[in-house]
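A.B. asks: Sharing a structure here in structure tokens format.
The values are calculated or read from the model by the stated rules, or taken from the named source; none is laboratory data. Since the structure is predicted, the reported quantities are computational estimates derived from the model, not experimental observations. Glycine also receives a Cβ, built like all others from the backbone with ideal geometry; neighbour counts cover every protein chain displayed. In case anyone asks, the SASA skips ligands and DNA or RNA and just uses the protein heavy atoms, side chains included. Shrake-Rupley method; radii C 1.70, N 1.55, O 1.52, S 1.80 Å.
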Amino acid sequence: MQSMSDYYSAVQLRADRWSALREKLVHLEREPQGRRAKAAHAEAQKLFGSLAIVERYWAFPGMAAFEHIRRQFEAGHLSEATYSVTRVNRALTTGAYRRRKIPLEQGILDEDQEEDALLPPDARALTKPYFEVMIVDDVNEHQERWLKSNMLSMRRSEDAFTYEPVVVSSLQDALIGVLFNHNIQAIIVRPGLRLESEVELAILTRYLNRAGGAEEIEDIPPEDYGPELCRLIAKVRPELDAYLVTDRSVEDIAGLDLGICRRVFYNQEDFMELHLNILRGVQARFKTPFFTALKEYSKQPTGVFHAMPISRGKSITRSHWIQDMGAFYGPNIFLAETSATSGGLDSLLEPHGPIKEAQELAARAFGAKQTFFATNGTSTCNKIVVQALVRPGDIVLVDRDCHKSHHYGMVLAGANVRYLDSYPLNEYSMYGAVPLKEIKHHLLKLKAAGKLDRVRMLLLTNCTFDGIVYNVERVMEECLAIKPDLIFLWDEAWFAFARFGPTYRPRTGMNAANNLRERLRSPEHAKAHAKQVEKLQDADEATLIKTRLIPPPNARVRVYTTQSTHKTLTSLRQGSMIHVNDQDFKGEVEASFQEAYMTHTSTSPNYQIIASLDVGRRQVELEGFEFVQRQVEAAMAMRRAISTHPLLQKYFKVLTAGDMIPEEHRESGVESYYDPEQGWTDIWNCWEKDEFVLDATRVTLAVGGTGWDGDTFKTQVLMDKYGIQINKTSRNTVLFMTNIGTTRSSVAYLIEVLVEIAKELDDRLDDASKMERLAFERRVKNLMQDLPPLPDFSHFHEAFCADPDTGEGDIRTPFFLAYDENNCDYLDLQGGIEAEMDKGREVVSASFIIPYPPGFPILVPGQVVSREILAFMRALDVNEIHGYRADLGLRVFTDEALAKQLETLATAAE
Ligand SMILES: Cc1ncc(COP(=O)(O)O)c(C=O)c1O
């Protein structure tokens, strides 16, 4: 039996224990006597013991059936026990228990088994969705049976869903249950519940730390256990529904925070009402207004007299040459293609019907106040938000290595950009994220210069492509303490899934915004703020940077996030969302947001993308928790497999949080999520505290040890030889991104491939001549050690920056100045630029220069070229540098153009 520390999650442990138990029983049946049989018997007994602890949280097979099997085993009825355990195993792996009743006793024929196994996947998908309902009450066996049978007797054939109840007795068990059993969609909290769980299994009890159920609950009076449970679940699984059954008075309950509670029941025996409410609660999440409308529309007979020949597939079915397109896609996609906005459909540009409703449901799911769909990716979302909020001349603090859509957004808006430097990871040729002290330093500097009123927005990428995640709430809190109406735009292109992982959620913009709104209202906060203001009255900048600043109670919470739903959740390519949680949206922004939305949104938005966003939202509200949990498990399994395999360790290294986040930003001291000696770290602790954490679902692998650079390893090894696709590399690393579709077997395949690559390298080096070996070692050293330092943002030329001390630059002017060829010149990267610099000339870039990788501009229009940037560009051996013409050189401004611009500035100042 593997030890507990080998498991990252209790779900994996459960699955493995069931299959180990089956193996032991089969073995025992075959070989019932002897020394080996004795050992197998003892092992099986242990497995039963450990399963008994975890099974109480699941409806299938259920504790009664489980104990029955165990008794059979103990009574020596091996054949019966083996039969039942095999059935349970099979039903758990195939998910058959979700579709039908599984008879576990030997002799009872499982008539539906064959039929179930033959069901094609699409027919299986049309069976009634299944979930589990957790009843929390301290009852004896007899009462438990009574409760369950009452619930089950309410089932009706017309119900859209089917569910099974599972009963736990205490508040703590309920918290463990909702974090362990992903089948649970609803919780009935009855008045008899106890406080503490009797379970002592670390892999389960650590869930309590996550839910705040370990310490926060000690002083609660028993009558408040129910309401408290609803409140605690809201923190970790806000998508669930709870029903509080109580014998207290309506007045007593009315003033309490009931978290996720949908309804309070004062009559304990009203099972039909409960049943209907449970179904209605799940239906509210299952509902997909736009997807449903589109399906309905596609069934209606219509005559097409609008411009879209593909609509109804007419231009294809009548074709002699493109029939294969129709065959490939099938008829539905064309039946659902239309440019109509009526007939039950809606307009994205001015939604009043099902698109509006779908957006409202998405807002609920992602914790936003308003959500807007986009059918042209987060690139468009970013430009919309920036244009809606930033006025010409406004100062915006932007992380320099953010996605290019932001830089273009700044040009469009006419912003004055103050670029912020992320900490560099020179050894891996990648950037981290912007330290809070760097942000505070610039804000304080702008304050000292009397320009805080012009500072409009802070724009950061959370998480970064490489998986560095900010402490979002802390960043906002401290910035608001300096500038209480600062707007935040968090680019969460890679982080839509985060809302559905309880560890991840607190680090999302929307969750942090909601927490902040609540906290700013509390009297304790006002007191703490007043105290700090007094203490920091004459504080200097160093003190303010060191201190954790508290925002004033009247600070405005103004938060925007943009998410590429298509990157991490179910959505067709380009499906993205803008989430808004801005207290001043209605009063100040709505109209300009509408203009910006109109500027960037097509008048023919793709309906399939919108429908897929709607369905993607349904999925995460019902099974996002399960899928994200599985994704993290898969990534963790990958980390573990690579870091424990002796051959892989020779050539590869999985980068840990310690490698990617400097110690000063990791207050918890956690270096890695898996250690071969100590097993798994509970990442909850560092995710709660640290300035930066690493998103475990992204696995960066240092491949320099193979002698290949990241890009060659990606294209010539992974892609061409093994058909494995990735898209991010650095000079000596490649990034493996898991997603909610990643399975344990796809991870296993990747490991196999890496082992094969390592074996080939071993063989090759074995046969290599001395010279070849030397060349290999030199290549590795070159890739792993001789790396050019990553350059910081230099500065804007004074022609585009009125105040070099605070450094914000007008990026729009140089962008358009470069439209006139006469203002520009080309300088050769290999010597021309340096020669000009030696003569004392300030060389100023006339365009964005974006090498890929890393994929963000190392020069922006108006930026002065530094020697460090030059050295970095020369050392970059990448094929793609957007904006750079190898045949001509770097596009720069002529001295005359700069002088003229300076003159214009001076005249304007007069
Ligand atoms: C941080 C970041 N923001 C925005 C985008 C653009 O997203 P989309 O591809 O949905 O337009 C990307 C794309 O890679 C990105 O990495």
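A.B. asks: How much space per residue, in cubic angstrom, does the convex hull of the C-alpha atoms of the stretch 288-420 take up?
C.D. replies: In the stretch 288-420, the Cα hull volume divided by residue count equals 170 Å³.
A.B. asks: When all protein chains stay in place, what accessible area (Å², nearest 10, 1.4 Å probe) is found for Met154?
C.D. replies: For Met154, the solvent-accessible surface is approximately 30 Å².
A.B. asks: Please tell me the relative contact order of the chain in percent, rounded to the nearest whole number, where contacts are Cα pairs under 8 Å and at least six residues apart.
C.D. replies: Answer for the chain is 9 percent.
A.B. asks: Could you run the Debye sum over the Cα atoms of the stretch 751-910, one equal point scatterer each and no solvent, and tell me log10 of I(q)/I(0) at q = 0.09, 0.14, 0.15 Å⁻¹, two decimals?
C.D. replies: Ignoring solvent entirely, the Cα scatterers give -0.43, -0.76, -0.84.
A.B. asks: Taking a cut-off of 18 Å, what percent of all Cα-Cα pairs in the stretch 334-489 are separated by more than that?
C.D. replies: When every Cα pair of the stretch 334-489 is considered, 66 percent fall beyond 18 Å.
A.B. asks: Here is a follow-up. According to the Kirkwood expression over distinct Cα-Cα pairs, how big is the hydrodynamic radius of the stretch 442-561, in Å? List each step's numbers first, then the result.
C.D. replies: Values: mean 1/r = 0.0660 Å⁻¹.
Computed over the stretch 442-561, the radius equals 15.2 Å.
A.B. asks: Moving on to the next point. Quick one: dipole size for the stretch 722-872, taken about the Cα centre, charges +1 on Lys/Arg Cβ and -1 on Asp/Glu Cβ, in debye to the nearest 20.
C.D. replies: I would put it at about 700 debye.
A.B. asks: For Asp421 and Ser19, what does the FRET efficiency come to when R0 = 45 Å and r is the distance between their Cβ atoms, rounded to the nearest 0.05?
C.D. replies: 0.35
A.B. asks: For the stretch 545-606, compute Rg over Rh where Rg is the Cα radius of gyration and Rh is the Kirkwood radius from the inverse mean 1/r over Cα pairs.
C.D. replies: Over the Cα atoms of the stretch 545-606, Rg/Rh equals 1.13.
A.B. asks: Is the stretch 1-94 rounded, prolate or oblate when judged by the Cα gyration tensor, a ≥ b ≥ c being the square roots of its eigenvalues, rounded requiring a/c under 1.5 and prolate requiring a/b larger than b/c?
C.D. replies: Note, shape of the stretch 1-94 comes out oblate.
A.B. asks: Kirkwood hydrodynamic radius (Cα pairs, Å) of the chain?
C.D. replies: Evaluated on the chain, it is 30.7 Å.
A.B. asks: Per residue, how large is the accessible surface of the chain? Use a 1.4 angstrom probe and give square angstrom.
C.D. replies: On the way: 39690 Å² over 910 residues.
Ligands and nucleic acids excluded, the figure is 44 Å² per residue.
A.B. asks: Could you work out the pair-distance distribution P(r) of the stretch 797-861 from its alpha-carbon pairs, with 10 angstrom bin width and percents rounded to whole numbers?
C.D. replies: Bin by bin from 0 Å, the calculated values are 19, 44, 36, 2.
A.B. asks: Go ahead and estimate [θ] at 222 nm for the chain from helices alone: -39,500 (n - 2.57) per DSSP H run with n ≥ 4, summed, over the residue count, rounded to 500.
C.D. replies: So the helix-based figure for the chain works out to -13500 deg cm²/dmol.
A.B. asks: Could you tell me which of rounded, prolate or oblate describes the stretch 178-282, using a ≥ b ≥ c as the square roots of the eigenvalues of the alpha-carbon gyration tensor, with rounded for a/c under 1.5 and, failing that, prolate when a/b is larger than b/c and oblate otherwise?
C.D. replies: The shape class here is oblate.
A.B. asks: Classify the stretch 544-674 from the C-alpha gyration tensor, please: rounded if a/c falls under 1.5, else prolate or oblate depending on whether a/b exceeds b/c.
C.D. replies: Values: a/c = 2.72, a/b = 1.37, b/c = 1.99.
Oblate, since a/c reaches 1.5 and b/c is not below a/b.
A.B. asks: Name the residue from Ala835, Ala897, Ala909 whose Cα lies farthest towards the positive end of the charge dipole of the stretch 814-910, charges +1 on Cβ of Lys and Arg and -1 on Cβ of Asp and Glu.
C.D. replies: Going by the charge dipole, the pick is Ala835.
A.B. asks: Can I ask one more? Given Cα pairs under 8 Å that are at least 6 residues apart, what percent is the relative contact order of the stretch 397-536? Provide the component values of the computation, followed by the final result.
C.D. replies: Numbers: 144 pairs, mean separation 26.5, N = 140.
This gives 19 percent for the stretch 397-536.
A.B. asks: Quick one: which of 667-674, 566-573, 66-73 comes out on top by average Cβ neighbours within 10 Å, and what's the full order, highest first?
C.D. replies: Working: 667-674: 17.4, 566-573: 20.8, 66-73: 19.0.
Top of the packing list down: 566-573, 66-73, 667-674.
A.B. asks: Dimensions of the stretch 251-332 along principal axes (Cα, Å, largest first)?
C.D. replies: 73, 24, 22
A.B. asks: Could you tell me the accessible area of Val780 in Å² (1.4 Å probe, neighbours in place), rounded to the nearest ten?
C.D. replies: 30
A.B. asks: Treating only the Cα positions of the stretch 461-514 as identical point scatterers, give the base-10 log of I(q)/I(0) from the Debye formula at each q in 0.18, 0.28 Å⁻¹.
C.D. replies: The Debye formula, applied to the Cα set alone, gives -0.56, -1.15.
A.B. asks: On to the next question. For the stretch 842-886, what is the Kirkwood estimate of the hydrodynamic radius, computed as the reciprocal of the mean inverse distance between distinct Cα atoms, to one decimal in Å?
C.D. replies: With all distinct Cα pairs of the stretch 842-886 included, I get 10.5 Å.
A.B. asks: Now, a different point. When DSSP assigns beta bridges and you keep just the ones with both residues in the chain, what percent turn out antiparallel, to the nearest 5?
C.D. replies: The answer is about 50 percent antiparallel.
A.B. asks: At a 4.7 angstrom Cβ threshold, list every cysteine in the chain that has nobody to pair with, or say none.
C.D. replies: Singleton cysteines: Cys381, Cys402, Cys463, Cys479, Cys686, Cys801, Cys824.
A.B. asks: Among the trypsin sites (Lys or Arg not before Pro) within the stretch 130-233, which fall in a DSSP loop and have no more than 14 other Cβ atoms within 10 Å of their own Cβ?
C.D. replies: Sparse-neighbourhood loop trypsin sites (Lys or Arg not before Pro): Arg155, Arg156.
A.B. asks: Something else: Taking all protein chains as present, what is the carbon and sulfur share of the accessible area of the stretch 44-113, in % to the nearest whole number, probe 1.4 Å?
C.D. replies: 52
A.B. asks: If you average the alpha carbon positions of the stretch 1-61 and of the stretch 498-567, how far apart do those two centres end up, in angstrom?
C.D. replies: 47
A.B. asks: Rg to Rh ratio, the stretch 308-379, alpha-carbon atoms and Kirkwood radius? Can you show the working numbers first?
C.D. replies: Values: Rg = 16.3 Å, Rh = 14.5 Å.
Radius of gyration over Kirkwood radius for the stretch 308-379 works out to 1.12.
A.B. asks: What percent do you get for the relative contact order of the stretch 796-887 when only Cα pairs under 8 Å and 6+ apart count?
C.D. replies: 26
A.B. asks: Check which residues have an amide H placed less than 5 Å from His882's amide H, if you skip close sequence neighbours.
C.D. replies: Ile850, Tyr852
A.B. asks: Got a number for carbon plus sulfur as a percent of the stretch 407-504's accessible area, 1.4 Å probe?
C.D. replies: 51
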